1. Could you give every pair whose Cβ atoms fall below 7 Å, whose first residue belongs to segment 7-35 and is under 15 Å from MET217 (Cα atoms), and whose second residue is in a helix (DSSP H, G or I) and near ligand 1 (Cβ under 7 Å from one of its atoms), counting only separations of at least 6 or pairs across chains?
2. How do the strands (runs of 3 or more DSSP E) wholly within segment 209-290 filter down when requiring 2 or more residues that are within 13 Å of ILE120 (Cβ to Cβ): which remain?
3. Can you tell me which residue in segment 222-243 is farthest from ligand 2 (Cβ to nearest atom), limited to those that are open to solvent by less than 20 Å² (accessible area, probe 1.4 Å) and more than 15 Å from VAL166 (Cβ to Cβ)?
4. Considering only residues that are open to solvent by 30 Å² or more (accessible area, probe 1.4 Å) and touching a residue at least 60 places away in the same chain (Cβ under 8 Å), which ones fall in segment 135-164?
5. If you take the residues in segment 184-208 that are open to solvent by 20 Å² or more (accessible area, probe 1.4 Å) and assigned to a loop (DSSP other than H, G, I, E, B), which one is nearest to ligand 2 (Cβ to nearest atom)?
6. Quick check on my filter: what residues within segment 153-180 are within 13 Å of ligand 2 (Cβ to nearest atom), modelled with pLDDT of 95 or more and not aromatic (Phe, Trp, Tyr)?
7. Which residues, taken from segment 170-183, are surrounded by fewer than 17 Cβ atoms within 10 Å (Cβ to Cβ) and near ligand 1 (Cβ under 9 Å from one of its atoms)?
8. Quick one: in segment 146-164, which of the residues that are in a helix (DSSP H, G or I) and touching a strand residue (DSSP E or B) at 6+ places or on another chain (Cβ under 7 Å) is nearest to ligand 1 (Cβ to nearest atom)?
Amino acid sequence: MVKEKILVIGASGQIGVELTLALRKIYGNSQVVASDLREENPLLKGTGPYVSMDVMNKEMLHVQVIRQGITQIYLLAAILSATGEKNPNLAWSLNMQGLLNVLDIAREEKIHKVYWPSSIAVFGPTSPKKDCPQQTIIEPITVYGISKYAGEFWCNYYHHRFGVDVRSLRYPGLISYKSAPGGGTTDYAVEIFHEAIEENKYECFLSSDTYLPMMYMPDAIRATIELMEAPSSNIKVRTSYNVSGMSFSPAEIATEIGKCLPGFQISYKPDYRQSIADSWPQSIDDSVARNDWGWKEEFTLKTMTIDMLENLKP
Ligand code: NAD
Ligand code: AKB
């Protein structure tokens, strides 16, 4: 059996830290090279190799892939929805060129597998709001959503044209306690826990009844690893798979937190992120992922809330 050597790009981010640690558990610490533009996240320090790298620098990326004998790449570097609206050109440039650099090198160096996440942000106001299916009308209105949708088709193209085994999930908003989120519209669902513990109150930037698809990080990491370990013949969608965890509104998560922290108060002051959230579906139909490679979420709003608070309490 070939010993896999994995490169994680964007390893210091919200997903990168936990995914790198999970991959190191499976493949061995020295077999998973973490890399990022910013400094190594403290949780990664001492757990395995780290290289400082800009995914936009294709030459440097190529050299690292050859030098380290990389056989799999997980590309997580991106600009998310809210930050993307502040600098659309930068978001387009990083989200597209970063992916194309990785796909090109994967093709040239015969990389075994590539992982690249898409997002529920591909959907727009004309997509179904409830149980949004795998295939439907897709007309995103954010630069982030446009870049993810274009990226999905680049993945599909490199797979069918050049045989690159690239796999992808449309993550919902991800909730975690280990590393901070990086500029998304769903970030309120992480901030609320920190503020609840520190202040017992939270001012939300979305309105009380804004339902969005969400997932707890342990489910997201498991979904990623299960997708990547599934036999290639099971991966029938080469754009990106819908995956679902839970769906809730700010009012509902506040009620759940209030059950654990009596007296917790939420107030609402919607800002520019409200229109982004309003353009996305409220819930996702992931039956294709369930059928193709057996996806099933574990955490509910209730079990996630209890786990988040237990882990964040001083
Ligand atoms: P994040 O912003 O927390 O992390 C991204 C990391 O990439 C950061 O550590 C950043 O320093 C790094 N980076 C930025 N530019 C870089 C460059 N030029 N070269 C190398 N590294 C660079 O993001 P995240 O939440 O961990 O998201 C990871 C991926 O998952 C992204 O593609 C994102 O679109 C996708 N996703 C995330 C969510 C979510 O809720 N977190 C939901 C859907 C999809
Ligand atoms: C964001 O809000 O931008 C991300 C996402 C859903 O892709 N969390």
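The values are calculated or read from the model by the stated rules, or taken from the named source; none is laboratory data. Quantities reported herein were computed from a predicted structural model and do not represent experimental measurements. Cβ sites come from the backbone with ideal geometry, for glycine too, and all protein chains shown count toward neighbours. The protein model used for the area step is the full one, side chains on, heavy atoms only, and it has no ligands, DNA or RNA in it. Shrake-Rupley method; radii C 1.70, N 1.55, O 1.52, S 1.80 Å.
1. Filtered contacts from segment 7-35: no entries.
2. Fully inside segment 209-290 and qualifying: 212-216, 246-248.
3. Step one: of segment 222-243, the residues open to solvent by less than 20 Å² (accessible area, probe 1.4 Å) are 223-224, 227-228, 230, 235, 238, 240-243.
After this cut, where a residue has to be more than 15 Å from VAL166 (Cβ to Cβ) as well, the list is 223, 242-243.
Working: ALA223: 14, ASN242: 13, VAL243: 12 Å.
For segment 222-243, the residue satisfying everything is ALA223.
4. Of everything in segment 135-164, those that are open to solvent by 30 Å² or more (accessible area, probe 1.4 Å) and touching a residue at least 60 places away in the same chain (Cβ under 8 Å) turn out to be ILE141, PHE153, ASN156, HIS159, HIS160.
5. Among those that are open to solvent by 20 Å² or more (accessible area, probe 1.4 Å) and assigned to a loop (DSSP other than H, G, I, E, B), it is SER207.
6. Selection gives SER168, LEU169, ARG170, PRO172, GLY173, LEU174, ILE175, SER176.
7. ALA180
8. LYS148
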